[in-house]
1. Quickly run through the range 43-74 and pick out the residues that are assigned to a strand (DSSP E or B), touching a strand residue (DSSP E or B) at 6+ places or on another chain (Cβ under 9 Å) and closer than 17 Å to Ala139 by Cα.
2. Working only within the range 159-180, note down all residues that are closer than 26 Å to Gly129 by Cβ and of a type in the set (Gly, Ala, Ser).
3. Is it true that some residue in the range 140-154 is more than 17 Å from Tyr82 (Cβ to Cβ) and within 15 Å of the chain's Cα centre (by Cα)?
4. Can you name every residue in the range 84-106 that is in contact (Cβ under 8 Å) with a residue 40 or more places away in the chain and either assigned to a loop (DSSP other than H, G, I, E, B) or closer than 17 Å to Asp35 by Cα (or both)?
5. Restricting to the range 129-176, what's the tally of residues that are small (Gly, Ala, Ser) and more than 24 Å from Val105 (Cβ to Cβ)?
6. What is the residue count in the range 148-173 for residues that are buried (at least 21 other Cβ atoms within 10 Å of the Cβ) and assigned to a helix (DSSP H, G or I)?
7. Filter the range 51-74 down to the residues that are under 17 Å from Ser14 (Cβ atoms) and either open to solvent by less than 40 Å² (accessible area, probe 1.4 Å) or within 18 Å of the chain's Cα centre (by Cα) (or both) and list them by number.
8. Could you tell me whether any residue of the range 28-36 is assigned to a loop (DSSP other than H, G, I, E, B), open to solvent by less than 30 Å² (accessible area, probe 1.4 Å), under 21 Å from Phe18 (Cα atoms) and in contact with an Asp or Glu (Cβ under 9 Å, 6 or more places away or on another chain)?
Amino acid sequence: MLNQDTVKLLSELSLSMFTKNFFGIYQGAISAKLDQEHFIINSKDAVFDNLDEKSFCTLNMNKQDYRWNIASYDAITHSTIYTNIHEAKYIAFAMPIYTTAYTLVHDNIVFEDYLGKTIFGEISIYNPGDLKTWKKRSALEITREIKYTDHNLMVIKGVGTYIYDRNIHELVKKIAILENSCRLLSIKSTFK
């Protein structure tokens with residue numbers, strides 16, 4: 001049985017993230033760690049502007065069963081992060097448009113707006129290399145890289161952004177600041 005408070009919280013925040021284009025239809029993942037062995041994650045056919053109890057499943061990190069077949073494609077990555085980074089309580093994978101577009105032509109995000117500069121300063125963009133083999137490598141590479149980032153987030157060239165936090169509201173705040181800052185950088189480039 002799913003924790004109704006967690007479902008409600010993730011559903012409400014998913015709607016907000018969807019309306020801001022952080023999630024697309026069938027693009028993205030959001031999860032919450034329930035205990036040392038279990039987490040809740042959206043299903044692979046979840047539509048982020050209308051998540052309910054049927055849109056989530058509870059998975060055991062130590063034992064894959066039939067529920068893994070209906071879970072988000074990112075479930076393995078979320079499980080690997082929860083297993084290796086104990087302070088991770090919530091994880092999101094998003095594909096914010098301006099941030100992801102910015103990664104296609106840059107190697108770093110050098111923030112120039114007040115919030116971006118004071119919170120992040122600069123973020124390296126991870127190059128996943130061969131995208132044909134990325135799915136097989138992603139869970140381990142993401143976990144290895146995100147573990148040592150300063151802000152618990154990883155921006156991946158042409159793929160999107162992974163972020164974890166102990167506080168779901170901090171997670172959403174960071175991804176919103178990241179996206180707004182990249183949007184400003186994009187708009188700035190049109191004034192040259």
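The values are calculated or read from the model by the stated rules, or taken from the named source; none is laboratory data. Fair warning: this is a prediction, and the values are worked out from it, not measured in the lab. No Cβ is skipped: glycine too gets one built from the backbone with ideal geometry, and neighbour counts run over all protein chains shown. Heavy atoms of the whole protein, side chains included, go into the accessibility calculation; ligands, DNA and RNA do not. Shrake-Rupley method; radii C 1.70, N 1.55, O 1.52, S 1.80 Å.
1. Leu59, Asn60, Ala71
2. Correct list: Gly160 only.
3. yes
4. Asn84, Ile85, Glu87, Ala88, Lys89, Tyr90, Ile91, Met95, Pro96, Leu104
5. Residues in the range 129-176 being small (Gly, Ala, Ser) and more than 24 Å from Val105 (Cβ to Cβ): 1 in total.
6. So the count comes out to 2.
7. Within the range 51-74, Leu51, Ser55, Phe56, Cys57, Thr58, Ala71, Ser72, Tyr73, Asp74 meet the criteria.
8. For the range 28-36, residues assigned to a loop (DSSP other than H, G, I, E, B), open to solvent by less than 30 Å² (accessible area, probe 1.4 Å), under 21 Å from Phe18 (Cα atoms) and in contact with an Asp or Glu (Cβ under 9 Å, 6 or more places away or on another chain): present.
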